[in-house]
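Values in this text are rule-based calculations from the coordinates and carry no lab data. What you are looking at is a predicted structure, and each value in this text was computed from that prediction instead of being measured. Ideal geometry is used to build each Cβ from the backbone, glycine not excepted, and the neighbour counts take in all protein chains shown.
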Amino acid sequence: MKSANLPDDELLHTAKRIISSAREKGIGLKLVGGLGIYADISTRDEHVNFFKRMGRMQNRSSFADIDFISSSKRHKDVKQLFEGELSFKGDMYVNTVYAAQRNIFYHPEQLFDVDIFYDRMLFSHLIEFVTRDGVDRLGGDSVTLTPADLLLTKLQIHASERKDIVDISALMLGHDIAAGDDAIDINRVVSVLQEDWGFWYDAMNNLKKTLEFVRNEKAAGSVEAAEAGIIESRVQSLISTLENCEKSKKWQKRCKKGTKKIWYNEIEEVTR
């Protein structure tokens, strides 16, 4: 994996400066990806320590780039911010072909890349943050998406890797499962997964992987018993809720076909 040429804390500080510059112009940017999860847990030393013990932060820079979500209504302003004030170089191909869906910008000294998604993320499964009917989940003072939305970005991954399961574990350690944006909002998670069987199926698999991971790491002595207890309890609570929540007709219809038909999107790497 290519890494940014900045230490983790400096990369996060730089991302926050970019967010501050955007806010001065009325542009909303929210951190996502591994750096977004690190930002979410970075104020609590014990959770950062967990991240490090799990090997999520081993190198000079543990993150490949800076990922943001923004509103497509402001994509021209975002382009002006990066290519004008911040002197980044835009990826001509990506920024032309994907326009108000996705942009890539390169740091003038090649220290890192910035990847910006507008309104939604579409990888293994679709997650919408800004919708045509007026829903906008990009508000608030936090530099990141809500814990529930950060979790969904990890649960949607079909072919999850160890780092993704560590990220899920860190979010579960840091946030209770409850209503409201300070917690992993159970209502938000349910509202997304009860509509999409494929997403629900991969999310359940990733939650089960998380349980297995934490139990194995506890047995190996890498995860403390108290940490494992918190994570296991919250993951099991979420699994139970997702198993028993009401499902939409669309979900039920797709469920009947099961895995006989592909249930996730094949991911194509954007050529830079």
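Structure above, values below:
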item	result
Sparse-neighbourhood loop sites, trypsin sites (Lys or Arg not before Pro) in the range 111-175 - DSSP loop, at most 10 other Cβ within 10 angstrom	R132
Euclidean distance between Cα centres, the range 3-51 to the range 192-216, Å	26 Å
Those GluC sites (Glu not before Pro) in the range 78-149 that DSSP places in a loop and that have at most 14 other beta carbons within 10 Å	E109
Anchor K2: lysines whose Cα lies under 21 Å away (excluding residues fewer than 8 positions away in-chain)	K52, K89, K154, K163
Amide H within-cut-off set for T144, under 5 Å, with H built and near neighbours excluded	L31
Cα-based equivalent ellipsoid, the chain: semi-axes from gyration tensor eigenvalues, Å	30, 24, 17
Where the Cα pairs of the range 1-144 fall when distances are cut into 5 Å bins, in %	2, 9, 19, 23, 20, 15, 8, 3, 0
Over the range 1-123, relative contact order from alpha-carbon pairs under 8 Å, at least 6 apart, %	29 percent
The range 168-190-the range 224-267 distance, computed between alpha-carbon centres (Å)	15 Å
Residues L86, L155, sorted so that the one with the fewest Cβ neighbours within 10 Å comes first	L86, L155
Relative contact order (%) - criterion: Cα under 8 Å, at least six apart; region: the chain	18 percent
³J(HN,Hα), Karplus 6.51/-1.76/1.60, whole Hz, each residue of the range 127-139, x for Gly, Pro	10, 9, 10, 10, 10, 5, 8, x, 6, 9, 9, 9, x
For the range 1-144, share of DSSP beta bridges that run antiparallel, in % to the nearest 5	70 percent
Whole-Hz ³J(HN,Hα) from phi, Karplus 6.51 cos²θ - 1.76 cosθ + 1.60, for the range 64-69, glycine and proline x	6, 6, 10, 10, 10, 10
Antiparallel bridge percentage (DSSP; both residues within the chain; nearest 5)	65 percent
Net length gained if the chain between I267 and C245 were fully extended (0.36 nm per residue, minus Cα distance)	5.0 nm
T14, T144 arranged by Cβ crowding within 10 Å, fewest neighbours leading	T14, T144
